[in-house]
Each structure stands twice: as C-alpha cells, then as structure tokens.
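K.L.:
One structure is given below, represented as structure tokens, and several questions about it will come after.
The values are calculated or read from the model by the stated rules, or taken from the named source; none is laboratory data. Since we're looking at a predicted model, the values are computed, not measured. Here the Cβ positions follow ideal geometry from the backbone for every residue, glycine too, while neighbour counts run over all protein chains shown. For the accessible areas, the whole protein counts, side chains as well, though only heavy atoms, and no ligand, DNA or RNA atoms are used. Shrake-Rupley method; radii C 1.70, N 1.55, O 1.52, S 1.80 Å.
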Amino acid sequence: MSTKVCLVLTEKTIEKNLSALEKYKKLIDIAELRVDYLNQSEILYLRNFPERAGIPCILTVRRKSDGGNFMGGEGARMTIFARGLAFASTNPIKNFSYIDLESDFDSSGIEEAARAFDIKIIRSLHAKSPVKNIVKTLEGLRRFETDIPKFAFRANSLNDVSELFKASKLIENQEYIVSVMGPYGVASRILSKKLNSQIVYTFTHEYIKKNKLEQELIDPEKLEDLYGFSKIDNATTIYGVIGKDVNTSLSPKIHNTGFKRKNLNSVYLPISAVSPKDALDFANLLNIKGLSVTAPFKGEIIPLVNSISEASKFIGAVNTLVNENKKWFGYNTDVDGFEQALIEFLNEKDLRRYKVAIIGAGGAARAVAQVVKALHGKACIFNRTAEKAQNIAEKYNFKWALLDPINIKQLYNFSELIIQTTNAGMEPNLDVDPLSFYTFTGKEKVFELIYRPETTKLLKRARTAGCRVCNGYKMLEYQAYHQFKAFAGKEYL
Ligand code: NAP
C-alpha cells in the first residue's frame, strides 16, 4: 500500500488555491479543498475545482468544533456538499474523488449520490486528545464497506503516537487514514507509510509560516526534499534527533544529505518528546538505530541507557545514542565537534597562550571545558548559578566566578578568548545578551555555540567592536559528522 501525499488548501479564493497547488503539484498526489477557508462568494465556483486542479481532490467543510473554520449550520454544510457533487460527470477527473464527512454528520442523501459516481467517502473523527482503543475507533467509523475511516487526534506525548503504531499492526490489511496533530505527531507524518495510512496531509509553506506551525506541520517540499518521503519503505533504517521542540532542528538536513550522498536507505527525523523516557520508548518501538540527543535530555537520559563512553561519563552528558542489538550506547561528539571548529577558528592547536572565559556551565560548557583543558588552555568559568561553574572548574583545575558585573575585572582578565556556551540569545530569546554588562575591546576572539540565529545580539556587538567571531554552526556540522560515522559506519564526506 502506498501513502498518498495530500496538500491541504486553505486559501480564501479558488484562484489562490490553484496557484498554491501549481507550486507543489509535482510533489503531491491529492489536493484537499477546505471549503471552510473559502470566502462565501467563492463557494459558487467550487464545482469546477477538480477539473481545474487536474489531480484527485477531496471536498471538505470542516466545522469549528472539529478544528476547522465553518461556522454555519449543518443544513448549510449539506448544501455545500450537494453543490460540490452536483452534475456529476462520467469522467471521474471532473468530479471530486473523495468527500470528507465527519462520523456524526447525518448525510445519507449526499452519501448515496457520492457512491453512485464512485466518489469515495472519508469518514472522519477529529479528537482533541488520544482515545483508548484506536482499532475499535477506526473500525467503528466505517458505515459502508467502501468508506475510508479517518482518525485524527492531538497527541500529548510520543507515547500516544506509539499507541497508534501498535494499533496499525493490528489492522494492516484495511484501508484507513490516521493523522497525529501537534508537535509529537511530526515524526509519524514522515513515517505515514509505516503506519499504513492511505494519506499524509501536508500544508503550504506560507500557511505554516503565517500560523507559526513549524513545530507541527510539514510542507510537501520539506517532506520530499528533506526526508525523501517517496523513498521511505519497510527496509528504511530510521535515525533521529530527540529533545524538546526539535521539529525545526538543522540536524535532519545534515544527516539526510549524508545518507543521500552515501546512497543509504535511511531517514533521520525530528522527534520532539516530553521526556527522555518518552523518546526512548518510541525509539525502541520503531527500532530506531541511532539518535542525536539535544537539550534538555543530554544529562537526563544517561540513567536510561545501557552504557556510555568514558568521555561522556566525565562530561556528564551524551549527545549520541547508538542502538546495537536493542541496547543503547551513549557517546559525546560535541567534544570532537567543538575541538575541530575551535582549532579551525583559531588556526592553532595549542591554547597555552590563551586565558579563556567560558560563559555558562551547562552540558555544552562541560564539553568546552574538556577541550580547553586538552589543548592546555587556562580558563575561568562564569555562570549565573555559581555552584555549577564551581563543579566544572574543580574538575579541570580552572577558576570560576558568578556571571555578574561584580566580576567584570576577572572577565577582562580572561577575555583573550571568550567562549559563550549559554542558550541566552538563542531563538526565540533573541533580545538576551548574557554579557550585556561587558564592553568588547575588539581584541577578544569570540566563539559562541549558538547557531540560530546566525548572529546573536552578543556576537553582533563583538563583531562591531572589531573582534574575530565564530558562531556554532561549524561545531554542529562537525559533531554531526562524528555521529554519522557512529550511525552509518561511514565517513560523512
Ligand atoms: P543547558 O545544559 O541547559 O545549559 C544552559 C546554560 O545556559 C546554563 O549554564 C544556564 O545557566 C545558562 N543560561 C540560560 N539562560 C541564561 C541567561 N538568560 N543568562 C545567563 N545564562 C543563562 O544547555 P546546553 O546543552 O549547555 O546548551 C547551551 C547552548 O549551547 C544552546 O544554545 C545549544 O544550542 C548550544 N549548543 C550548540 C552546539 C553546537 O553544535 N553548536 C552543541 C551543543 C550545544 P544556569 O546554570 O544558571 O541555569
């Protein structure tokens, strides 16, 4: 069974919907005309839509209570469906191919007409939260044997999504559509084929951006170009990045490019999870072979894995997990990635002549401290929470101080190389500058681990003062190359 890619059309006019369709036509199989988004006056022209679209179309009028925009009564909705189905043609491409009717919509007249012209009925249920028995729910939706049941729900965790994958194994030979809404559903959209869903729903880039739904929805270009959707099959090996809000992470781009270049049947997904356990349970169920681990799970996940490298133990954080025969092994490639990027930035391998200020004392700072020590640098760690700075400093025989204007002298004293490891200034907190009390002289070299945005407020100030600066993108790339080797057993480049 192949999963069809559907573009949901949410423009206010038929013409605008047709242009949106044109943009993505090569990447989709079906278009869903959401009449609930159309201007009232446009409804007059919906009958010709399938012929003009030139691909199979779904006619949908979603009510507000089901997550749509339609505010009229059920009679008015019935009239819209009747208008969409009227004067059915013997040439099927001139008719809507599907109509989406909610399970509680009393629409027997419309259904008769649809069946007479071989227009398939999608019998849908949109739940705001998961249900206990997914199989029973799907089976209960089918009123007529040719109906395609559709169950959409908003997941509260990956655990809810896991239940859907389990249910899909029990109804493998039936036709159905499932769709998980919310940030925890993104991985399941990309893996719709593994769910045996007849359709995966995508939205235009413009709709996603306008409604700030980047953490929840995918456009057809991203689905194909970034995740290689058309090539995913049962033999595809799955990898991913786990953490909070990782659905816009840059890591899928790096890894999927590597898989493509090496001709490997593998896909790397963003997997937003509520906790490390939520993420690992999902990974175990889907037999995911390797994971990148990001904030805030790098330390929390350690007790849940089978073993970790000596370096990860020392740092207290893992950013890479490899599944070998159902056992998880943890590594830390941030150290290698940072070392490579720092040496490239400074064009020297020995930090003996540097006094280094490390700003922050979280997981990333630990990797940084490890590298600064290994390259023989002297350092002072500045952090908002002094004890955390002290803990790391004592491990490496570095100095430490509270990140506060009272320690400005100490900061100037260690300012030849400033390594900013906090997440202050990272999207979405663009206005924060963790060194706002410090004036750059222009002589400092400044390496910041943040890569989104490319230039933070702090980095901009440093550059304007004349400092040499570097953001975290090269580190991200280099640590990913080491992960790729651990995942695929091959060099990235
Ligand atoms: P983490 O373990 O959560 O640590 C966060 C650190 O930031 C802590 O020291 C925290 O101070 C400090 N902090 C947070 N908000 C602050 C503020 N408003 N003012 C001052 N300090 C603040 O996070 P992490 O894993 O170390 O990651 C930190 C950053 O490094 C993130 O931006 C991440 O994207 C980046 N990173 C980049 C790469 C790369 O490849 N380029 C790799 C790893 C990490 P307290 O201790 O006082 O809470």
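K.L.:
State all residues of region 1-57 that are farther than 25 Å from residue 197 by Cα, of a type in the set (S, T, N, Q) and open to solvent by 50 Å² or more (accessible area, probe 1.4 Å); if no residue qualifies, say none.
P.N.:
Across region 1-57, the qualifying residues are 19, 39, 40, 41, 48.
K.L.:
Of everything in region 319-341, what is open to solvent by less than 40 Å² (accessible area, probe 1.4 Å) and more than 11 Å from the ligand (Cβ to nearest atom)? Give them in sequence order. Don't jump to the end; show me each part of the working.
P.N.:
Keep residues of region 319-341 that are open to solvent by less than 40 Å² (accessible area, probe 1.4 Å), which gives 319-323, 328, 330, 332-335, 337-338, 341.
Correct list: 320, 321, 322, 323, 328, 330.
K.L.:
On to the next question. Is at least one residue of region 357-372 surrounded by fewer than 21 Cβ atoms within 10 Å (Cβ to Cβ) and more than 13 Å from the ligand (Cβ to nearest atom)?
P.N.:
Within region 357-372, not a single residue is surrounded by fewer than 21 Cβ atoms within 10 Å (Cβ to Cβ) and more than 13 Å from the ligand (Cβ to nearest atom).
K.L.:
Then there is this: Could you please find all residues in region 241-260 being assigned to a helix (DSSP H, G or I) and closer than 18 Å to residue 426 by Cα?
P.N.:
251
K.L.:
So if I check each of 169, 209, 136, which one is under 19 Å from residue 28 (Cβ atoms) and open to solvent by 10 Å² or more (accessible area, probe 1.4 Å)?
P.N.:
Working: 169 fails: under 19 Å from residue 28 (Cβ atoms); 136 fails: under 19 Å from residue 28 (Cβ atoms).
It is 209.
K.L.:
For residues that are in a loop (DSSP other than H, G, I, E, B), within 16 Å of the ligand (Cβ to nearest atom) and within 20 Å of residue 409 (Cβ to Cβ), tally how many sit in region 425-464. Walk me through how you get there before you give the answer.
P.N.:
Pass one, region 425-464, residues in a loop (DSSP other than H, G, I, E, B): 425-444, 449-456.
Going one step further and asking which of them are within 16 Å of the ligand (Cβ to nearest atom), we end up with 425-438, 449-456.
Those still in the list that are within 20 Å of residue 409 (Cβ to Cβ) too: 433-438.
Residues flagged as in a loop (DSSP other than H, G, I, E, B), within 16 Å of the ligand (Cβ to nearest atom) and within 20 Å of residue 409 (Cβ to Cβ) within region 425-464 amount to 6.
K.L.:
Take the residues in region 295-318 that are open to solvent by 40 Å² or more (accessible area, probe 1.4 Å), within 12 Å of the ligand (Cβ to nearest atom) and farther than 20 Å from residue 484 by Cα, then tell me which one is modelled with the highest pLDDT.
P.N.:
Filtering region 295-318 for residues open to solvent by 40 Å² or more (accessible area, probe 1.4 Å) gives 295-296, 298, 300, 302-304, 306-307, 310-311, 313-314.
Narrowing the set further to residues that are within 12 Å of the ligand (Cβ to nearest atom) leaves 295-296, 298, 300.
Of the ones still in play, those that are also farther than 20 Å from residue 484 by Cα are 296, 300.
Working: 296: 89, 300: 94.
The qualifying residue modelled with the highest pLDDT is 300.
K.L.:
Sort out which residues of region 409-424 are in a loop (DSSP other than H, G, I, E, B), more than 9 Å from the ligand (Cβ to nearest atom) and of a type in the set (S, T, N, Q), and write them in order of number.
P.N.:
Of region 409-424, the ones in a loop (DSSP other than H, G, I, E, B) are 414-416, 421-424.
Narrowing the set further to residues that are more than 9 Å from the ligand (Cβ to nearest atom) leaves 414-416.
Once the filter is applied, which keeps residues that are in a loop (DSSP other than H, G, I, E, B), more than 9 Å from the ligand (Cβ to nearest atom) and of a type in the set (S, T, N, Q), region 409-424 yields only 415.
K.L.:
Would you point out the residue of region 59-107, among those that are among the aliphatic types (A, V, I, L, M) and farther than 17 Å from residue 120 by Cβ, that is most open to solvent (accessible area, probe 1.4 Å)? Steps first, answer last, please.
P.N.:
Kept after step one, since they are among the aliphatic types (A, V, I, L, M), are these residues of region 59-107: 59, 61, 71, 76, 78, 80, 82, 85-86, 88, 93, 99, 101.
Filter once more, keeping what is farther than 17 Å from residue 120 by Cβ: 71, 76, 78, 80, 82, 86.
Details: 71: 147, 76: 49, 78: 58, 80: 12, 82: 48, 86: 31 Å².
Here the answer is 71.
K.L.:
Being among the polar types (S, T, N, Q) and closer than 17 Å to residue 202 by Cβ narrows it down to one of 3, 13, 79, so name that one. Give the steps one after another, and end with the answer.
P.N.:
On the way: 13 fails: closer than 17 Å to residue 202 by Cβ; 79 fails: closer than 17 Å to residue 202 by Cβ.
Within the list 3, 13, 79, the selection yields 3.
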